[in-house]
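As structure tokens, the structure follows; a few thoughts come after it.
The values are calculated or read from the model by the stated rules, or taken from the named source; none is laboratory data. Computed from a predicted model, the values in this text were never measured in an experiment. Glycine also receives a Cβ, built like all others from the backbone with ideal geometry; neighbour counts cover every protein chain displayed. Each accessible area value is taken on the protein alone, full model and side chains, heavy atoms only, with ligands, DNA and RNA left out. Shrake-Rupley method; radii C 1.70, N 1.55, O 1.52, S 1.80 Å.
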Amino acid sequence: QVQLVESGGGLVQTGDSLRLSCAASLRTFNTYAMGWFRQAPGKEREFVEGINFSGGFTSYTDSVKGRFTISRDNAKNTVYLQMNSLKPEDTAVYYCAADQDYWKLLRSGYDYWGQGTQVTVSS
């Protein structure tokens, strides 16, 4: 059974940083594109950042440009999301997701996803 387990969320203040981690039990993790999505109360889940299987390509939504960075460690089956200069509008449950098709992942299509970790940014 595939599991994606997110960690690292919490309550922070505006301008603070957090690093989210997602540990995946995927046997062939290094063949999967990975992504971070988020869902705020009353809103639809949205794409945040994605990274291809090797880490050579990344994509992000405009609202996090210059503040968030996705990375992966294939030796540890883990993907990270470094979040700097956090804003109250970043408050959401953050989910990681996996799919072997990078372009499908960027269009919010994925085979596996985690249970999410809450990030709350106070003003």
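What residues have an amide H closer than 5 Å to that of PHE68, excluding those fewer than 5 places away on the same chain, when H is modeled at 1.01 Å from N in the peptide plane?
Residues meeting the amide H criterion: ASN84.
Find how much the distance from ARG27 to SER122 grows on full extension, using 0.36 nm per residue of separation minus their present alpha carbon separation; answer in nm with one decimal.
30.4 nm
If each residue of separation counts as 0.36 nm, what is the full-extension length gain between LYS104 and GLN13 once their alpha-carbon separation is subtracted?
Roughly 29.4 nm would be gained on extension.
Hand me the tally of lysine pairs in the chain: alpha carbons under 22 angstrom apart, and the pair either on different chains or 8 or more positions apart.
5
Using the Karplus curve 6.51 cos²θ - 1.76 cosθ + 1.60 with θ = phi - 60°, work out ³J(HN,Hα) for each residue of segment 98-104 in order, rounded to whole Hz, and write x for Gly and Pro.
Using θ = phi - 60°, the values come out as 9, 7, 7, 10, 4, 6, 5 Hz.
Hey, what's the chain come to in accessible area per residue, 1.4 Å probe, Å²?
53
Just grab the label-to-label distance for ARG45 and ALA75, each label 7 Å out from Cα along the Cβ direction, in nm (one decimal).
Computed distance between label sites ARG45 and ALA75 equals 3.2 nm.
Which loop trypsin sites (Lys or Arg not before Pro) in segment 72-117, with loop taken from DSSP, have no more than 14 other Cβ atoms within 10 angstrom of their Cβ?
LYS76, ARG107
Leaving ligands, DNA and RNA out of it, report the carbon-plus-sulfur percent of the accessible area of the chain at a 1.4 Å probe.
46
Using a basic spin-label model with each label point 7 Å from the Cα along Cα→Cβ, how many nm lie between ASN84 and LYS65?
1.7
Order TYR110, TYR102, TYR60, most accessible first, counting only protein heavy atoms with a 1.4 angstrom probe.
TYR60, TYR110, TYR102
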